[in-house]
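Beneath this line is the structure, given in structure tokens, with notes to follow.
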Amino acid sequence: MTSFIVSADFPIARPRRNRRDEFSRRLVRENVLTVNDLIYPVFVREGQGVREPVPSMPGVVRYSPDTLLAAAEECVALGIPVLALFPVIDPGLKTPDGIEATNPDGLIPRTVAALKKRFPELGILTDVALDPYTSHGQDGLIDADGYVLNEPTVDILTRQALTQAAAGVDIVAPSDMMDGRIGAVRQALEAHKHIHTRIMAYSAKYASAFYGPFRDAVGSAVNLGKSNKATYQMDPANRNEALREVALDIREGADMVMVKPGMPYLDILRDVKNAFGMPTYSYQVSGEYAMIKAAAANGWLDHDKVMMESLIAFKRAGGDGILTYFAVAAAKLLKEQS
Ligand code: PBG
């Protein structure tokens with residue numbers, strides 16, 4: 001049969017040879033996803049025996065501390081290394097200054113202590129930001145014009161991080177995007193002898209509409225109303241600025257850095273990994289999860305295949321791990337396949 005191929009390299013070069021059989025596809029595979037790459041974000045609220053579904057995040061629930069222990073047990077059994085805690089705070093405890101975030105007997109410190117007591121080997125990460133605690137839904141203190149004040153916010157955030165460290169948390173993760181907060185938190189941790197507490201900095205965190213379902217889940221959407229976070233979170237149009245933010249956080253004492261959201265920002269993840277070689281994480285956020293869930297529920301996408309493809313993409317882009325609401329489902333699938 002006559003061939004119309006005009007490549008000078010063909011047929012000496014036939015890239016499809018390596019793809020022909022499963023054994024050689026496995027042999028040439030460049031990246032792998034393992035359970036070690038997964039961080040599971042969970043929502044916790046007061047109460048007992050609660051597993052309250054989040055409508056915009058099918059399969060995700062708000063746990064009370066007791067049911068969270070059961071969920072944590074499953075994570076330990078699956079080998080998931082870290083749980084990331086996000087609080088749903090009673091509306092009655094929300095104030096303009098979000099001071100409940102510093103309460104040593106608050107929901108998060110109590111939950112951290114209970115988890116670390118029962119599962120000492122399970123890593124626990126807590127968010128450092130005020131939005132679940134403020135009556136206006138912003139991540140910090142605001143002035144009369146609604147502008148988030150930097151230094152007064154950093155003071156409260158630092159106290160929040162110290163409270164979490166005292167409760168025994170392993171990793172604090174400032175997600176607020178105030179200037180100078182990593183350095184402030186690091187100095188305070190050292191001064192209080194919490195020398196092992198790691199900081200995972202939400203270094204390049206964008207002002208993204210993909211956080212919508214998360215704000216439903218923690219109940220900050222109603223407080224935030226029509227206002228946005230553009231005066232502190234980054235402009236989605238910016239790339240170089242992400243590298244400057246990461247450089248600052250590393251100098252201020254971050255142990256790990258993060259890019260957020262995930263899939264729409266894989267270019268930033270690759271840039272950051274190449275530039276700094278730091279342990280670098282990505283957050284596949286609530287809106288990304290909701291999109292995949294919605295399409296799968298309609299039969300438009302294959303749930304498991306798209307989930308795994310989305311997760312390997314983070315590895316390929318240079319990520320050392322992924323915060324993902326798919327963590328448990330993916331870990332189960334990985335276990336079945338092994
Ligand atoms: C709080 C915080 C947010 C997320 C993580 N920490 C929301 C926000 O900044 O408005 C979003 C996570 C997600 O969408 O899954 N500062």
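Values in this text are rule-based calculations from the coordinates and carry no lab data. Values in this document were obtained by computation on a predicted structure and should not be read as measured data. Don't worry about glycine lacking a Cβ; one is built from the backbone with ideal geometry, like all the others, and counts go over all protein chains shown.
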- Task: Evaluate E = 1/(1 + (r/R0)^6) for Leu224 and Glu46, where r is the Cβ-Cβ distance and R0 equals 25 Å; express this FRET efficiency to the nearest 0.05.
- Result: 0.70
- Can you figure out the FRET efficiency of Lys117 with Asp9, using R₀ = 45 Å and their beta-carbon distance, to the nearest 0.05? 0.10
- Note on the structure: With label points set 7 Å from each Cα along the Cα-to-Cβ direction at Ala294 and Leu149, the distance between them in nm comes to 3.9 nm
- Message: Could you compute the net charge surrounding Glu309? Neighbours are other residues with a C-beta less than 14 Å from the C-beta of Glu309; K and R count +1, D and E count -1.
- Response: +1
- Item | Per-residue Cβ neighbour rank within 10 angstrom, fewest leading, Val222, Val60 | Val222, Val60
- Value of relative contact order over the range 153-194, rounded to a whole percent, pairs C-alpha under 8 Å and six or more apart: 53 percent
- Message: Students often get this wrong, so check it: of Lys226/Lys260; Lys117/Lys260; Lys229/Lys335; Lys226/Lys332; Lys315/Lys335; Lys117/Lys332, which have C-alpha atoms separated by over 29 Å?
- Response: Lys117/Lys260; Lys229/Lys335; Lys226/Lys332
- Task: Just need the relative contact order of the chain here, percent rounded to a whole number, with Cα pairs under 8 Å and 6+ apart.
- Result: 18 percent
- Query: Distance in nm between label sites at Asn238 and Arg17, each 7 Å beyond Cα in the beta-carbon direction?
  - Reply: 4.9 nm
- If one compares the long axis through the Cα atoms of helix 286-297 with the longest principal axis of the Cα atoms of the chain, the angle in degrees, nearest 10, works out at 50 degrees
- Tilt, helix 150-166 to longest principal axis of the chain (alpha-carbon atoms), in degrees rounded to tens, equals 80 degrees
- Task: Divide by every residue of the chain the summed helix terms, -39500 (n - 2.57) for each DSSP H run of at least 4, and state the resulting mean residue ellipticity at 222 nm, rounded to the nearest 500 deg cm²/dmol.
- Result: -12000 deg cm²/dmol
- Message: Please give me the summed charge of the neighbours of Ser208: other residues whose Cβ is under 13 Å from its Cβ, Lys and Arg +1, Asp and Glu -1.
- Response: +2
- Most mobile of Asp267, Asp320, Asp21 in a GNM of the chain (Cα contacts under 10 Å): Asp21
